[in-house]
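Note sheet for the following structure.
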Amino acid sequence: MDDVMDSYELMEHVLGEVYAPKKKKLAALAKKVNKKKGPAK
């Protein structure tokens, strides 16, 4: 069971490293658009 949890934690870390930069980039882009056009209504 420990091997399964270790594998899960490794995958969670890898996926976080892969998708976190995109999430930050999208948040920055949304902020830029909201500043320019205003938030969606």
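Just so you know, all these numbers are worked out from the coordinates, no wet-lab data involved. All values derive from a computational prediction rather than experimental measurement. Heads up, the Cβs are rebuilt from the backbone with ideal geometry, glycines too, and the neighbour counts pull from every protein chain shown.
Sorting the Cα pairs of the chain by distance into bins of 5 Å, from 0 upward, gives 5, 21, 14, 13, 11, 10, 9, 7, 5, 3, 0 percent per bin. Considering only Ala30, Tyr19, Tyr8, and ranking their Cα positions along the charge dipole of the chain that arises from unit charges at the beta-carbon of Lys, Arg, Asp and Glu, the one farthest toward the positive end is Ala30. For helix 2-37, what angle does its Cα long axis make with the longest principal axis of the chain, in degrees from 0 to 90 and rounded to 10? Around 0 degrees separate the two axes. Here each label is just a point 7 Å from Cα along the line to Cβ, and for Lys35 and Met1 those points are 5.0 nm apart.
In the chain, the DSSP-assigned H stretches of four residues or longer account for a calculated mean residue ellipticity at 222 nm of -32000 deg cm²/dmol, using -39500 (n - 2.57) per stretch and the full residue count as denominator.
Under a Cβ-only charge scheme (Lys and Arg +1, Asp and Glu -1), can you give me the dipole magnitude of the chain about the Cα centre, in debye to the nearest 20?
Computed charge dipole of the chain: roughly 1200 debye.
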